[in-house]
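Trainee: The structure's right below; bear with me while I get my questions together.
Read the figures in this text as sums done on the coordinates, not as results from a lab. Since this is a predicted model, take the numbers as computed values, not measurements. No Cβ is skipped: glycine too gets one built from the backbone with ideal geometry, and neighbour counts run over all protein chains shown.
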Amino acid sequence: MDDLIRQVTTVLREMWKRRWLGLIVAWVVGAISVVVLLRVPDKYEASARIFVDTQSILKPLMSGLAVEPDLDQQILILSRTLISRPNVEKLIRMADLDLSIKTKAGQEALVDELMKSLEIKSTSRDNLYTLSYRDTQPERAKRVVQSLVSIFVESSLGDKRKDTDSAKKFLDDQIRSYEKKLEEAEGRLKDFKLRNLSVQATEGKDFFARIGETSGELERARLELREAEDSRDALRRQVLGEDPVLLPDNNESTAGVSVPEIDGRIEAQKRNLDMLLQRFTEQHPDVISTRRLIKELEDQKKQEIQARKKLAQNNPASPVNNNPVYQQLKISLAEAEANVASLRTRVAEYTSRYATLKNSVRLIPQIEAELTQLNRDYEINKKNYESLVARRESATMSSDMEAGVGGVDFRLIDPPRVSPQPVAPNRLLILPLTLLLALGAGVLASFAASQIRPVVFDAKALRELSGLPLLGTISMLVDDTVKRRERRDRMRFLAGLASLVGVYGAGFAMLFLLSARNV
């Protein structure tokens with residue numbers, strides 16, 4: 001620790017020996033820095049404030065119908081990318097900054113300088129942007145800011161139009177592509193259905209449901225055929241066994257005698273009565289009316305039988321073929337034969353259909369799988385096509401909305417203006433810094449001189465510096481004359497240093513007064 005203190009003390013004593021060199025260097029550096037500071041040209045700042053209104057009354061009204069881009073994010077990105085080389089070159093042409101530049105290198109230097117000097121400050125919360133530029137000529141600074149405002153607004157509108165056109169062009173290309181795919185899928189589906197028309201599902205029923213339905217229809221047709229054959233056989237037996245017993249005596253019942261035209265009506269009314277009894281009671285007017293009609297038909301049947309009996313008794317020798325009942329039986333038999341033939345044809349048809357369906361059952365899984373694949377491809381293409389058409393309509397609506405009312409409103413809050421007083425350089429702030437620079441240069445010069453030509457103040461330092469053994473030291477006696485000379489020298493140094501500080505102080509006071517007067 002003692003060695004360190006001794007070394008520091010030695011260095012300070014050596015610097016003190018070179019103090020006049022340091023004072024001269026401080027004066028020279030101070031004078032040069034002041035001259036440079038005064039010769040730096042004044043710069044004036046031009047600025048403008050723009051408010052970007054991204055809120056529109058149509059946004060909530062068109063929600064879900066039109067595309068709603070993030071306008072705030074777009075404007076923020078635009079503000080960060082506005083100061084690009086193409087925009088700066090455009091700004092130079094608009095502000096006529098290239099009139100005095102003849103070389104390509106000079107133009108490139110001007111572009112680089114502007115890219116460093118232009119500033120865009122924003123408060124993202126309020127969408128308020130400040131555009132500023134500093135130049136030695138106030139009018140030129142104002143022209144630059146005016147051009148920058150124009151480029152800011154035009155870039156936003158141009159980018160939106162370009163993005164909308166690009167999106168619509170892309171959607172149109174995709175829609176045409178999917179139209180072609182959809183037509184191809186429809187063609188494949190049509191060809192497949194034409195090839196497999198016989199095994200296709202109808203009315204929402206698949207193949208196996210059709211087999212079951214055909215089997216049920218076949219069974220019902222067979223049952224109806226058996227019923228028709230039994231009815232025909234019964235009529236045939238009555239025709240073959242025709243005799244006078246068809247007309248019983250007065251004391252015999254008429255239940256076994258058939259009058260087809262009346263019996264059919266009676267059977268129909270009885271079926272109607274059964275249906276009515278399932279819904280109503282015996283006292284219901286429809287039930288009572290139906291029973292009365294059945295009774296009237298039965299009485300009419302009895303009267304018809306009695307009439308035929310009297311006719312047979314009055315003409316006992318008439319042949320059986322002239323019997324009306326027999327004739328009616330023949331007619332019924334012919335109708336029954338025709339019905340049986342029709343049902344046989346129906347049974348044969350259903351049998352053929354059922355056999356065809358059973359023979360095709362092994363091909364059904366493959367056909368259904370192929371149909372499912374075709375339907376899936378068709379539905380996917382159709383869904384994508386409809387989605388693209390809807391998006392194109394949404395993009396068109398958004399474009400029309402922006403063209404009609406505009407999605408973004410640029411409001412010039414403060415038009416471009418130039419500050420009446422220069423904003424740079426700040427000489428009141430820089431002048432004290434030049435004083436510190438001058439003093440630092442003087443101290444550094446004294447230190448450098450002490451290290452280049454060191455001075456020995458004690459025996460130990462001499463021994464370390466020379467590396468030789470020291471035999472002894474001789475002290476120097478300082479008289480009053482030497483002390484007075486050193487005191488005067490010290491006072492002159494302090495006076496020189498004080499005069500340097502005083503000059504700086506006077507200069508600072510003058511600058512302060514001038515700036516206050518201009519304000």
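Trainee: Of the peptides 262-275, 22-35, 85-98, how do they stack up when ordered by the mean number of other Cβ atoms within 10 Å, highest first? All intermediate terms of the calculation are to be shown ahead of the outcome.
Mentor: Details: 262-275: 14.0, 22-35: 18.1, 85-98: 16.4.
The most tightly packed comes first, giving 22-35, 85-98, 262-275.
Trainee: Here's another thing I want to ask about it. Quick one: which residues, 5 or more positions from residue 119 or on another chain, have an amide H under 5 Å from its amide H? H modelled 1.01 Å from N in the peptide plane, none for Pro or chain starts.
Mentor: 132
Trainee: Next question. If you count, for each residue, the other Cβ atoms within 10 Å and average over each peptide, how do 365-376, 481-492 line up from highest to lowest?
Mentor: Details: 365-376: 13.1, 481-492: 10.6.
Per-residue mean Cβ counts within 10 Å order the peptides as 365-376, 481-492.
Trainee: Could I ask something else about it? Quick query: amide H of residue 417 versus all other amide H atoms, modeled in the peptide plane; which residues come in under 5 Å with a sequence gap of 5 or more or a different chain?
Mentor: 47
Trainee: Lysines near residue 382 by alpha-carbon distance under 26 Å, same-chain residues fewer than 8 away left out - which ones?
Mentor: 168, 169, 180, 181, 190, 193, 205
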